[in-house]
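The values are calculated or read from the model by the stated rules, or taken from the named source; none is laboratory data. Computed from a prediction, not measured in an experiment: that's the story for all the values here. With ideal geometry, Cβ positions are generated from the backbone for all residues, glycine too; neighbour counts draw on all protein chains shown.
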Amino acid sequence: MKTRSILRLSSSTISCKRPDSMFVSVRQISTGGKRPKKKIYHRDYQLDKVMDLQKKPSLILQLKSVIQSQNQQCLLLRDLEKEVGFVAKWNFMSVIEKYPSIFHGGGCSGKQLPFVTLTRKAKKIASEESEARILMEPILVKNLRKLLMLSIDCRVPLEKVEFIGSELGLPKDFKKSLILKYPEYFSIKDVNGRAYLNLENWDSSLAITAREERFAREGVLASGGGLKRVRIMKDGNYLGPFAFKMCFAAGFRPNKSYLEELQRWQKMEFPSPYLNARRFDVADPKARKRVVAVLHELLSLTMEKRMTSTQLDAFHSEYLLPSKLVLCLIKHHGIFYITNKGARSTVFLKEAYDGTRLVDKCPMLMFNDKFVTLSGRNEISSFNSMNSSQVVT
């Protein structure tokens with residue numbers, strides 16, 4: 001099912017005023033007979049900027065991979081179009097010209113054809129990628145197991161895993177390097193002519209959400225199993241066992257009735273996203289809150305804590321996601337953010353970012369930043385300074 005565009009949603013719920021804001025209907029405090037103003041769901045310009053900041057680093061890393069896949073790690077420029085397409089090749093030609101500290105061009109003399117390869121310094125840093133992938137392997141195995149545990153039948157079509165492979169950080173040969181390497185965890189089985197990735201063994205120790213792990217790190221849960229005394233904050237945050245971290249946009253000013261309703265929702269108990277969704281009535285408010293937890297956990301399993309809305313919607317049947325997925329994401333705009341920057345709409349897990357900086361980074365992202373820093377250009381240096389952080393374990 002194709003993701004519905006935000007602009008096509010019912011005007012009774014959401015209407016578009018201008019490109020940088022959307023109306024969200026919420027209850028208002030009485031204003032003495034005056035028509036109440038609607039609360040505005042503001043764009044988050046910092047998360048929009050993330051999409052712009054990643055464009056050039058993405059091209060640099062993609063070109064690096066193309067060069068490394070060639071014989072002798074040397075790419076003939078005549079083959080660039082075959083690798084990336086006619087339109088994209090001009091962007092890559094620009095990258096080659098702009099970043100001589102990373103890419104070295106040669107040829108054109110005598111019978112030698114024009115080519116591009118990595119500079120000596122770039123090759124040295126690129127050699128560290130294998131170490132980063134070794135560090136990534138246990139993280140990928142754990143996250144892939146959790147991805148299957150979230151599904152209703154502990155299995156996901158293999159094509160859908162491949163669809164989000166780059167977001168998870170999976171290598172292109174993950175079927176051989178991970179699936180076949182760990183037969184105690186994974187298997188590939190044919191179901192009605194379709195290949196599925198199956199979970200072989202359930203591990204209760206993995207059925208802990210990223211939200212619960214954050215609470216443990218922050219000491220919200222007392223050592224005796226109880227809870228520390230906490231209070232509802234004016235920004236909607238509540239450090240209870242069933243609460244989510246709220247990160248409203250700077251321009252959003254929730255009123256009293258909105259916060260009261262949010263407080264009730266934050267305190268509401270809900271089943272673990274790792275329990276089978278078939279056990280719950282979809283009309284139950286607790287089951288609807290559980291869906292938010294499923295989406296939160298799915299995004300938490302990705303390297304950059306984001307997916308395109310199309311990728312999320314692809315898992316509709318495996319996780320019993322709501323038919324109006326975009327509406328669900330917009331309703332919980334303190335947790336998720338949808339940006340239309342870039343080629344596709346992208347859904348962010350807001351708490352994972354501090355402005356434009358991704359708070360926690362896996363070894364692969366740290367390696368990518370180190371390689372891209374070779375460019376020495378201001379916009380790339382800015383990208384890395386805003387994304388420096390610790391390793392995810």
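Residues of segment 276-302 that are crowded, with 18+ Cβ neighbours inside 10 Å, out of contact with any Lys or Arg (no Cβ under 9 Å at 6 or more places or on another chain) and among the polar types (S, T, N, Q): Thr302 alone. Taking the criterion of being under 12 Å from the mean Cα position of the chain (by Cα) and of a type outside the set (S, T, N, Q), the residues of segment 330-359 that qualify are Phe336, Tyr337, Ile338, Val347, Phe348, Leu349, Lys350, Glu351, Ala352, Tyr353, Leu358.
Residues that are of a type in the set (S, T, N, Q) and in contact with a helix residue (DSSP H, G or I) (Cβ under 7 Å, 6 or more places away or on another chain) were ranked within segment 69-111; the one that is modelled with the highest pLDDT is Ser101. In summary, strands (runs of 3 or more DSSP E) completely within segment 240-349 and bearing 3 or more residues that are in contact (Cβ under 8 Å) with a residue 40 or more places away in the chain occur at 336-339, 346-349.
Scanning segment 350-393 for residues that are modelled with pLDDT under 85 and in a loop (DSSP other than H, G, I, E, B) yields a total of 8.
Take the residues in segment 308-318 that are farther than 23 Å from Met246 by Cβ and not small (Gly, Ala, Ser), then tell me which one is farthest from the chain's Cα centre (by Cα).
Restricting attention to segment 308-318, the residues satisfying the condition of being farther than 23 Å from Met246 by Cβ are 308, 310-311, 313-318.
From what's left, not small (Gly, Ala, Ser): 308, 310-311, 313, 315-316, 318.
Numbers: Thr308: 8, Thr310: 12, Gln311: 10, Asp313: 13, Phe315: 14, His316: 17, Glu318: 18 Å.
Filtering segment 308-318 for residues that are farther than 23 Å from Met246 by Cβ and not small (Gly, Ala, Ser), the one farthest from the chain's Cα centre (by Cα) comes out as Glu318.
In summary, Leu77 fulfils each of the numbered conditions (1) in contact (Cβ under 8 Å) with a residue 24 or more places away in the chain; (2) under 27 Å from the mean Cα position of the chain (by Cα) with the single exception of condition (2).
Please verify whether segment 331-347 includes one or more residues that are under 24 Å from Arg278 (Cβ atoms) and in contact with a helix residue (DSSP H, G or I) (Cβ under 8 Å, 6 or more places away or on another chain).
Step one: list which residues in segment 331-347 are under 24 Å from Arg278 (Cβ atoms), which gives 331-332.
Imposing the further condition that a residue be in contact with a helix residue (DSSP H, G or I) (Cβ under 8 Å, 6 or more places away or on another chain) reduces the set to 332.
Yes, the conditions are met somewhere in segment 331-347.
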